[in-house]
């Protein structure tokens, strides 16, 4: 096997042999950043003549430059959220950042408790994965740490943006889903979702209404379940109680996500609708558990991309603290039931 030389390292980095030589001899004429890059490449290529003291100093310098990024999530996390977190973790590792993960429960939000690792460590930025109470977000804002949000409270958005926001596109996707139902001749179409909960669900509600209006169909809120609730219709009893109160059963339901759609399907199956005569659509594509077959018309979200985009936005914000806040939107792909 060929012995790795200083010239080999220099060529790999497109630097002069003299610069690499001076860096490996710990010359003060070479910056620590360049030194670290050269030492890292030399180790990677198998160059053997590296002073161990220099290696330790450079590694310490490298570690000290790592940014600490806190990630806040609430409650139990499904596979949908795990994939987003995997995307966050991968992008943080790629950018030499530490991840400080925190679960914030209902009591923490009520009592405005900030995690100890945010108080005790220097935190460079915060990623908010779920919707927290407005008061909790305002408490975090007082820390003056850059924040990026995945989705955002509707009420808070009317008042103030406390950080950059990354959204999953919903209005156009749900418009397409609703128009597809209408093209099948169905006109009595309801919507289910807590439209006052967050921006993304509200956008889906807007897409649903726009599709009906564009088709000259009146929006009938008697077959819509849209009021604010404690669990946002994600739990069975909360939603089935509302379904049982409907004045009449529509031809179809457009649901804010797959979790809601599955509860609706199960409810009507138990009432005897074994052939799914009532069409039910979702969003997020969590019902198929990653299978190739599309069992529910839905909108597919690239969760890994969402996670990576959150990190990209936060790192950009850290380096551009004085720039105006942004709202970034990630496109979804509609998947029609096969």
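Taking the criterion of being out of contact with any strand residue (DSSP E or B) (no Cβ under 6 Å at 6 or more places or on another chain) and either buried (at least 24 other Cβ atoms within 10 Å of the Cβ) or closer than 14 Å to residue 255 by Cα (or both), the residues of the stretch 159-178 that qualify are 170, 171, 174, 175.
Against the list (1) out of contact with any helix residue (DSSP H, G or I) (no Cβ under 6 Å at 6 or more places or on another chain); (2) closer than 25 Å to residue 307 by Cα; (3) at pLDDT 95 or above; (4) not assigned by TED's automatic domain parsing to the domain that holds residue 326, the condition residue 223 fails is (2). Between 102, 141, 95, the distinction of being crowded, with 16+ Cβ neighbours inside 10 Å and touching a strand residue (DSSP E or B) at 6+ places or on another chain (Cβ under 8 Å) belongs to 102 only.
All conditions in (1) over 13 Å from residue 132 (Cβ atoms); (2) surrounded by fewer than 12 Cβ atoms within 10 Å (Cβ to Cβ) hold for residue 110, with the sole exception of (1). Look through the stretch 196-225, keep the residues that are in a helix (DSSP H, G or I) and without any contact (Cβ under 8 Å) to a residue 24 or more places away in the chain, and return whichever of them is farthest from residue 255 (Cα to Cα). Top of the filtered list is 213.
Looking across the stretch 130-146, the residues that are over 15 Å from residue 115 (Cα atoms) and touching a residue at least 60 places away in the same chain (Cβ under 8 Å) come down to 131, 146. Residue 277 falls short on exactly one of the conditions (1) within 24 Å of residue 78 (Cβ to Cβ); (2) over 25 Å from the mean Cα position of the chain (by Cα); (3) without any contact (Cβ under 8 Å) to a residue 12 or more places away in the chain; (4) not in a helix (DSSP H, G or I), and that condition is (1). Scanning the stretch 73-95 for residues that are in a helix (DSSP H, G or I) and free of Cβ contacts under 8 Å to residues at least 40 places away in the same chain, which turns out nearest to the chain's Cα centre (by Cα)? That would be 82. Only one of the numbered conditions (1) within 20 Å of the chain's Cα centre (by Cα); (2) free of Cβ contacts under 8 Å to residues at least 24 places away in the same chain; (3) part of a loop (DSSP other than H, G, I, E, B) is violated by residue 156, and that is (3). Within the stretch 306-326, the set of residues being crowded, with 17+ Cβ neighbours inside 10 Å and touching a strand residue (DSSP E or B) at 6+ places or on another chain (Cβ under 8 Å) comprises 306, 309, 310, 311, 313, 314, 315, 317.
No other residue among 88, 123 is buried (at least 21 other Cβ atoms within 10 Å of the Cβ), in contact with a strand residue (DSSP E or B) (Cβ under 8 Å, 6 or more places away or on another chain) and assigned by TED's automatic domain parsing to the domain that holds residue 159 apart from 88.
Let's see how each residue does on (1) outside any loop (DSSP other than H, G, I, E, B); (2) within 30 Å of residue 70 (Cβ to Cβ); (3) modelled with pLDDT under 95; (4) in the same structural domain as residue 225 (by TED's automatic domain parsing):
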{"residue": "248", "(1), (2), (3), (4)": "no, no, yes, yes"}
{"residue": "254", "(1), (2), (3), (4)": "yes, no, no, yes"}
{"residue": "291", "(1), (2), (3), (4)": "no, no, yes, no"}
{"residue": "294", "(1), (2), (3), (4)": "no, no, yes, no"}
{"residue": "308", "(1), (2), (3), (4)": "yes, yes, no, no"}
{"residue": "323", "(1), (2), (3), (4)": "no, yes, yes, no"}
{"residue": "338", "(1), (2), (3), (4)": "no, no, yes, no"}
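The values are calculated or read from the model by the stated rules, or taken from the named source; none is laboratory data. Since we're looking at a predicted model, the values are computed, not measured. Every residue, glycine as well, gets a Cβ built from its backbone with ideal geometry; the counts of neighbours run over all protein chains shown.
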